[in-house]
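K.L.:
The structure's right below; bear with me while I get my questions together.
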Amino acid sequence: ALLTEDGRITEKYKKFQQVIAKYTSIPSDPLPPAPPRAAYGKWNVTASAPLFPNIAALSAGGESPYPLPMEKLGQDYGYTLYRVALDQIHDAGTFQLTHTADRANVYLDGRHLATLYDRELDNPCEPAGRIFGKQMDILVENMGRVNYGVMLDDQHKGIGGKILMDNIRQDNITMFPLPLDEAQLEKIPFGKAEQHSQPAFYRVDFQVDAPADTYLELPGFGKGCVALNGRLLGRFWEIGPQKRLYIPAPWLNKGENTLVIFESEGKSSGSVEFFEDPAWTR
């Protein structure tokens, strides 16, 4: 891009300017100065809340004999948790989620069973060992929609088909929409700061004397999204390439600020850190 994420002039901008100047006049107005940046250092997680035991406080679950995609639940973005009571089959060798998008974390009685992504979701999954338990939780993430191509009219998210175990359809599904908007974030019943091996929320309270652009890094966290002062800031994923989230100065309060991190992989650490510069991996 010609400008950085925080609006700084790049060398590419200057090259474009040189080429354009060959064919037309360039205004003599000075370019705007680079916006100030700040590093606010490391801050510890101050509270946490695991998702599964607190789901009823966050979302009014709706029941259906078959799973419904996000759009039919009145949801456009975020996550949906599908909870299946395994009262028909207690012991199976395979499970399958048909017509599902985009990424699913599957848990059995709180134990991680599988993570399926994109085209992996089209095929039956045969985890190590038998599927033996009472409750299956399936956390499905909407990772974005395309705006071109042959799939333009087929952009449902969540589970739009069936939940199968040994090719037998499971019914009586409870669905919990998780758009993670400001109203829902305010309902999180935070407790003491702990690291969880399941999807969980983490809160970081930090102070800012003078708001400036900054970059947030979440070392030790796996995948998820971050809200700053009630507004969704962005997504993160440990695989990169983006390693830090840009925070514009106007989103920061002078004084007290709050981050809420939703982490979906059961990977977390006890702190986050704010830097002056972005970071990328290749």
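The values are calculated or read from the model by the stated rules, or taken from the named source; none is laboratory data. Note that this is a predicted model, so its numbers are computed, not measured. Please note: Cβ atoms are built from the backbone with ideal geometry, for glycine as well, and neighbour counts cover all protein chains shown. Protein only, heavy atoms only, side chains kept; ligands, DNA and RNA dropped before computing areas. Shrake-Rupley method; radii C 1.70, N 1.55, O 1.52, S 1.80 Å.
K.L.:
Return yes or no: is residue 217 touching a residue at least 60 places away in the same chain (Cβ under 8 Å), farther than 26 Å from residue 113 by Cβ and open to solvent by 10 Å² or more (accessible area, probe 1.4 Å)?
P.N.:
Considered against the rule, which asks whether it is touching a residue at least 60 places away in the same chain (Cβ under 8 Å), farther than 26 Å from residue 113 by Cβ and open to solvent by 10 Å² or more (accessible area, probe 1.4 Å), residue 217 comes out as yes.
K.L.:
In this structure, is residue 231 of a type in the set (Lys, Arg), more than 20 Å from residue 181 (Cβ to Cβ) and more than 13 Å from the chain's Cα centre (by Cα)? Let's see the steps before the verdict.
P.N.:
Numbers: of a type in the set (Lys, Arg): yes; more than 20 Å from residue 181 (Cβ to Cβ): no; more than 13 Å from the chain's Cα centre (by Cα): yes.
Judged against the criteria, residue 231 is not a match.
K.L.:
I want to confirm something. Restricting to region 139-154 and keeping residues that are of a type outside the set (D, E, K, R) and open to solvent by 40 Å² or more (accessible area, probe 1.4 Å), which single residue is farthest from residue 229 (Cα to Cα)?
P.N.:
Applying the filter and picking the extreme gives 150.
K.L.:
I would also like to ask the following. Within region 186-193, identify whether any single residue is open to solvent by 60 Å² or more (accessible area, probe 1.4 Å), within 22 Å of residue 43 (Cβ to Cβ), within 18 Å of the chain's Cα centre (by Cα) and in contact (Cβ under 8 Å) with a residue 12 or more places away in the chain, and answer yes or no.
P.N.:
Residues of region 186-193 open to solvent by 60 Å² or more (accessible area, probe 1.4 Å): 186-187, 192.
Now drop any that are not within 22 Å of residue 43 (Cβ to Cβ), which leaves 186, 192.
With the extra rule that they be within 18 Å of the chain's Cα centre (by Cα), the set shrinks to 186.
When the remaining residues are screened for being in contact (Cβ under 8 Å) with a residue 12 or more places away in the chain, the result is 186.
Yes, some residue in region 186-193 is open to solvent by 60 Å² or more (accessible area, probe 1.4 Å), within 22 Å of residue 43 (Cβ to Cβ), within 18 Å of the chain's Cα centre (by Cα) and in contact (Cβ under 8 Å) with a residue 12 or more places away in the chain.
Here's the yes/no breakdown for (1) open to solvent by 10 Å² or more (accessible area, probe 1.4 Å); (2) of a type in the set (Gly, Ala, Ser); (3) at pLDDT 90 or above; (4) touching a strand residue (DSSP E or B) at 6+ places or on another chain (Cβ under 7 Å):
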{"position": "67", "(1), (2), (3), (4)": "no, no, yes, yes"}
{"position": "78", "(1), (2), (3), (4)": "yes, yes, yes, yes"}
{"position": "84", "(1), (2), (3), (4)": "no, no, yes, yes"}
{"position": "95", "(1), (2), (3), (4)": "no, no, yes, yes"}
{"position": "110", "(1), (2), (3), (4)": "yes, yes, yes, no"}
{"position": "113", "(1), (2), (3), (4)": "yes, no, yes, yes"}
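K.L.:
Tally up the residues in region 41-68 that are among the aromatic types (Phe, Trp, Tyr), over 30 Å from residue 214 (Cβ atoms) and not in a loop (DSSP other than H, G, I, E, B), please.
P.N.:
1
K.L.:
Given the criterion under 27 Å from residue 36 (Cβ atoms) and open to solvent by 20 Å² or more (accessible area, probe 1.4 Å), identify the matching residue among 207, 198. Show your work before the answer.
P.N.:
Values: 198 fails: under 27 Å from residue 36 (Cβ atoms).
Matching residue, one of 207, 198: 207.
K.L.:
I've got another one for you. When you look at residue 119, is it among the charged types (D, E, K, R) and not in a loop (DSSP other than H, G, I, E, B), yes or no?
P.N.:
So residue 119 passes the test.
K.L.:
Tell me, which residue of region 163-180 that is at pLDDT below 95 and not in a strand (DSSP E or B) is least open to solvent (accessible area, probe 1.4 Å)?
P.N.:
Among them, the one singled out is 170.
K.L.:
Restricting region 17-40 to residues that are outside any loop (DSSP other than H, G, I, E, B) and loosely packed, with under 12 Cβ neighbours inside 10 Å, which is farthest from the chain's Cα centre (by Cα)?
P.N.:
Top of the filtered list is 21.
K.L.:
For residues that are among the charged types (D, E, K, R), touching a residue at least 60 places away in the same chain (Cβ under 8 Å) and part of a strand (DSSP E or B), tally how many sit in region 236-272.
P.N.:
1
K.L.:
Same structure again: Got at least one residue in region 140-155 being within 26 Å of residue 233 (Cβ to Cβ), among the acidic types (Asp, Glu) and touching a Ser or Thr at 6+ places or on another chain (Cβ under 8 Å)?
P.N.:
yes
K.L.:
To continue, here is another question. How many residues are in contact with a Pro (Cβ under 8 Å, 6 or more places away or on another chain) and not hydrophobic (A, V, I, L, M, F, W, C) when one looks only at region 244-272?
P.N.:
11
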